[in-house]
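Okay, structure first, notes after.
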Amino acid sequence: MADASEKLYFNGINAVTGDYELALSAEELADMVQGIKDKQFLSELQNKSQSEYPLRPDKSPGDLAEAGWGIIFPENSDPAIQEALSELIAWRRDQAQAEEEEYFKIFAGDDGYRQGDTKDSFLSRHGIGPGMVDPERGVPYYLLLVGSPGEIPFDFQYQLDVQFAVGRIYFNTLQEYANYARSVVTAERDGVALPRRVSLFGVANEDDRATALSSQHLVTPLVTTLQKESDKLAKKGTGWKIDPYMAEAATKSQLSDLLNGGQAPALLFTASHGMGFPLGHIEQMPGQGALLCSDWPGPIDHRGPINRDWYFAAEDLSSEANLLGMIGFTFACYGAGTPQRDEFAKPGKTPNEIAPYPFLAALPTKMLGLSKGGALAIVGHVERAWGYSISWSGVTESITSFEVALRQLMKRFPIGYAIEAFDLRYAELATELTMLIDRREKDKYKLTGTWTAHNDARSYVVLGDPAVRLPTAEKDQTPADRPVIQVKSVTGVAPPPLSPQPQSTFNAEPASTEPSPSVTSALTPDANMVFGSLWGGSDTPKADDEPGPLKKFVERLGDFMVKMLDDTTTLEVDTYVSHDLDQVEYQGGKFVGAKLRVATRVTIDGDTKLCVPQDEDGDIDTELWAIHTAAVQQAQASRAELVKTAIEAGTSLFNLFKPG
Amino acid sequence: MSDSQPHILDRWQIVEPSTAAITFSTTETSPVARWVLDLPSEEPAALARLQSLQTDQQAARIALNDVLERLEQLTSEAAAGESFSIQPDQAAPEEELLDAIAELRGEVSFAPGRPSKLKQIGGEFQAGTDRLFRLLSHLAWVETRHESVFLGRTVVGWSGDTHTLWREDSSSIQQTLHQRNLKLALSTRILYLRILMMSTQAAAKISLLLGSSAGVGSVMVLPIAWRYVNQVLRELDRHRNMIN
């Protein structure tokens, strides 16, 4: 293990600076670990670590009729989403209810996820306590969450996943929901028989310890393990083709060929850095978690922003691609999603916001929702991924969870069950961690290592239905090309991650902005007089009252937000210089009497125009350029935070008006 | 500034336009709110001043994040039968909140001629939110002066457009001073909006506190919540003064 003062590096590269997303010494990390609050949940995980079998032993996890299947919507979910998924829901109902009716469940409305629910509150509401899953008790083993992490938090998914097999989908359009449903049903119902082929994409960047570790001690041994597994399966007539793409072969164009070339493997495993962007950066939503390929020359040969040609993002995946039946596994920072707040804040400090709101990575989301045929599931990492857990506590290749998961997939086990090894590892490490914290462990190496590996194991999530399995050709079955799915057009946009939309909220006059008749009914006469007139002209608020200060305030906030959202389609950052600042005036949106030296215009679609400063010799004025670049980043971050806070304020205010 | 409002904005000399001048355009006629910070002459002292501002702001953010938890505590006490009585060790914001709630529910009888606290609270809310809108909807004109020397000026539109004017021969430390001042000023502006956001969430909680017994709507307790949140921040000011 490394020296305590030596920096630990994680699998994330900041796209703007080109630096590592996080580099900490073991000592610094240990300080963070000691701030862990959620000890109750840690000790609860001990139950999991003591049980090797997640499901009642007489039930087969490979059979939905025995394990059950359920789908969980947020309580206020748009019914149109459920409608768009109806094909998948009907298919799963048939499978899960083959023997017992209660083995299929839709958790929606009052039965759905309620804001603030924890695993415990959700399960206890449905009559379930901790421990082994018994689908007869009312909650099936396979659970599909439908909603953004803003609606159903990542923490809920992590916690539920310890006991159950959990996956999640969230799309921006109803069409993508319908596409995904059709892809899963087609893969399972229509006899899709993909060639048994697994591609392992092991990026290695020069002078980069993180990818050296993942390529040498994760992907390379995985190739060996899977080859052995394939040899065993070959004796039963179901051998696999193992395709490694290592180091210099793991380029962006190679990955593009694999995904866009029409011959995508059934199973894809990648290990690389994931791209990270500053809070509110225009590329954060579309680019966070994109896969940085071997094209990056590494941290020594290249300094500064990461070239767009070096990483594979959602926009590099063709909308015409067909990935039907594929299951993917990406080992990369933010590969599956990004929480709103940094999960590595120091004790006593408020965690920094790293994103305007929690979100799923765009690349796997696009892979699932493709219109010609989407992937069935992608396993990825939320937050930063830690190479530490590949080589931990003196064990060079501590990769059993990866090996087990991939072998189980090759044997056609459902993805949610296949990655149980990660949950068990998480539970085991949590038990160890609880013990270390309880006895106030002084060995910072040990504490750090345990916490790191614990966090790493926790943050693997399934995007997609946890009950899907690889539709590979069985023994004596001839592999076939992927069919192209046909889905009728579904119009409509799914609700945004932050709902309700402020614009519609404040346009919803007058009903939503009027207090209900009972608002002041029980107030004292004094209170009625003061707050009633604050609302409108009379003591008791009425719809046709002259607006009082409170009403004006609500109207102004609505106006402000509507205009703000309208005006944030471009960002303008200008840098001027002058010898005599006192003589400069600000008129018409510019400084008059000063020299405009650098200008940046960023449009909402990411198009950026720059006017670069040059010195007297025609060279770039690097000093001014650096100042300006910092100003652009600050402007983007500040605006993102302002918009986000305004939306949150508007949403909270809107909720005050909701009846009940 | 009203006594009920936090001092977080006092660090800058903020010159605001009149209420009537509110606009959303960014033309030359747009009103501006000037955020002027005059830093001490010694550079270490100037940096320390900025650091102190940043610490205050972090403390304010943390305090804001604690608001709902504090109200939760009150709710728990109420649920445990402790009702809304004022405890001897009650923190000042909670004490004032309970006081206001009691008046709202008609439980407190004030001596004749004593001004209604609710009226005062309503006035504070109006003044506070007026100020919030002026700060948000006007161009933020952030200036840094160091030993009365003008280091830099940045004009930020409320949609984020940023125009910065630098002295041609400014040193890197001077640039740092202005950049940090700018960042803090903009964060403070957002913090003010967060006070509103937290007040709305607090209002929902307070109306829950009242709901079963009084049927009071959340909107109408917004002024009380606004005052409570500001009082929580004012606590920081008091603590800071005690430390200093």
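At a glance:
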{"quantity": "Residues that are at pLDDT 90 or above, surrounded by 18 or more Cβ atoms within 10 Å (Cβ to Cβ) and part of a loop (DSSP other than H, G, I, E, B), drawn from the stretch A:281-306", "calculated": "A:288, A:289, A:290, A:293, A:294, A:295, A:296"}
{"quantity": "Members of the stretch A:252-275 that are more than 23 Å from residue A:192 (Cα to Cα) and over 24 Å from the mean Cα position of the chain (by Cα)", "calculated": "A:253, A:254"}
{"quantity": "Residue count for the stretch A:171-187, restricted to those that are open to solvent by 20 Å² or more (accessible area, probe 1.4 Å) and at pLDDT 95 or above", "calculated": "1"}
{"quantity": "Unmet requirement for residue A:157, which otherwise passes all of (1) within 11 Å of residue A:466 (Cβ to Cβ); (2) assigned to a loop (DSSP other than H, G, I, E, B); (3) within 13 Å of the chain's Cα centre (by Cα)", "calculated": "(2)"}
{"quantity": "Checklist (1) in the same structural domain as residue A:653 (by TED's automatic domain parsing); (2) at pLDDT below 80 applied to residue A:541, failing item", "calculated": "(1)"}
{"quantity": "Tally, over the stretch B:31-49, of residues that are more than 14 Å from chain A (Cβ to nearest Cβ) and surrounded by fewer than 21 Cβ atoms within 10 Å (Cβ to Cβ)", "calculated": "10"}
{"quantity": "Residue match in the stretch B:131-149 (condition: facing chain A (nearest Cβ under 8 Å), more than 17 Å from residue A:594 (Cβ to Cβ) and touching a residue at least 60 places away in the same chain (Cβ under 8 Å))", "calculated": "yes"}
{"quantity": "Wholly within the stretch A:203-279, helices (runs of 4 or more DSSP H) carrying at least 1 residues that are open to solvent by 10 Å² or more (accessible area, probe 1.4 Å), at pLDDT 90 or above and under 18 Å from residue A:298 (Cβ atoms)", "calculated": "A:252-260"}
{"quantity": "Test: residue in the stretch A:573-594 that is more than 9 Å from chain B (Cβ to nearest Cβ), more than 30 Å from residue B:224 (Cβ to Cβ), modelled with pLDDT of 85 or more and under 39 Å from the mean Cα position of the chain (by Cα)", "calculated": "no"}
{"quantity": "Subset tally (residues that are open to solvent by 30 Å² or more (accessible area, probe 1.4 Å) and either closer than 19 Å to residue A:110 by Cβ or not in a loop (DSSP other than H, G, I, E, B) (or both)) for the stretch A:124-144", "calculated": "6"}
{"quantity": "Test: residue in the stretch A:72-93 that is at pLDDT 90 or above, small (Gly, Ala, Ser) and open to solvent by less than 10 Å² (accessible area, probe 1.4 Å)", "calculated": "no"}
{"quantity": "Considering residues of the stretch B:19-50 that are acidic (Asp, Glu) and in a loop (DSSP other than H, G, I, E, B) only, the residue modelled with the highest pLDDT", "calculated": "B:42"}
{"quantity": "Where a residue in the stretch B:158-178 is more than 7 Å from every other protein chain (Cβ to nearest Cβ) and its partner, wherever it lies, is acidic (Asp, Glu), with Cβ under 6 Å and at least six apart", "calculated": "B:173/B:43"}
{"quantity": "Cβ-Cβ under 8 Å pairs, at least 6 apart or on other chains, the stretch A:194-210 side farther than 9 Å from residue A:272 by Cα, far side basic (Lys, Arg) and in a loop (DSSP other than H, G, I, E, B)", "calculated": "A:194/A:482"}
{"quantity": "Residue A:396 vs. criteria in the same structural domain as residue A:343 (by TED's automatic domain parsing) and modelled with pLDDT under 90", "calculated": "yes"}
{"quantity": "Test: residue in the stretch A:307-318 that is surrounded by 24 or more Cβ atoms within 10 Å (Cβ to Cβ) and in contact with a helix residue (DSSP H, G or I) (Cβ under 8 Å, 6 or more places away or on another chain)", "calculated": "yes"}
{"quantity": "Every residue from the stretch A:622-648 that is out of contact with any Leu (no Cβ under 8 Å at 6 or more places or on another chain) and facing another protein chain (nearest Cβ under 7 Å)", "calculated": "A:627, A:630, A:631"}
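Residue-by-condition table, conditions (1) under 26 Å from residue A:488 (Cβ atoms); (2) not charged (D, E, K, R); (3) not in a helix (DSSP H, G or I):
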site: A:62; (1), (2), (3): no, yes, yes
site: A:66; (1), (2), (3): no, no, no
site: A:77; (1), (2), (3): yes, yes, yes
site: A:91; (1), (2), (3): yes, yes, no
site: A:102; (1), (2), (3): no, no, no
site: A:105; (1), (2), (3): no, no, yes
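To keep it simple, each residue is scored yes or no on (1) in contact with a Phe, Trp or Tyr (Cβ under 6 Å, 6 or more places away or on another chain); (2) open to solvent by 40 Å² or more (accessible area, probe 1.4 Å); (3) at pLDDT 80 or above; (4) assigned to a helix (DSSP H, G or I).
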| residue | (1), (2), (3), (4) |
| --- | --- |
| B:52 | no, yes, yes, yes |
| B:63 | no, no, yes, yes |
| B:80 | no, yes, no, yes |
| B:109 | no, yes, no, no |
| B:113 | no, yes, no, no |
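The values are calculated or read from the model by the stated rules, or taken from the named source; none is laboratory data. Because the structure is a prediction, the values reported are computed rather than measured. As a convention, Cβ positions derive from the backbone with ideal geometry for all residues, glycine included, and neighbour counts pool all protein chains shown. Ligands, DNA and RNA are excluded from the accessible area calculation, which covers all protein heavy atoms including side chains. Shrake-Rupley method; radii C 1.70, N 1.55, O 1.52, S 1.80 Å.
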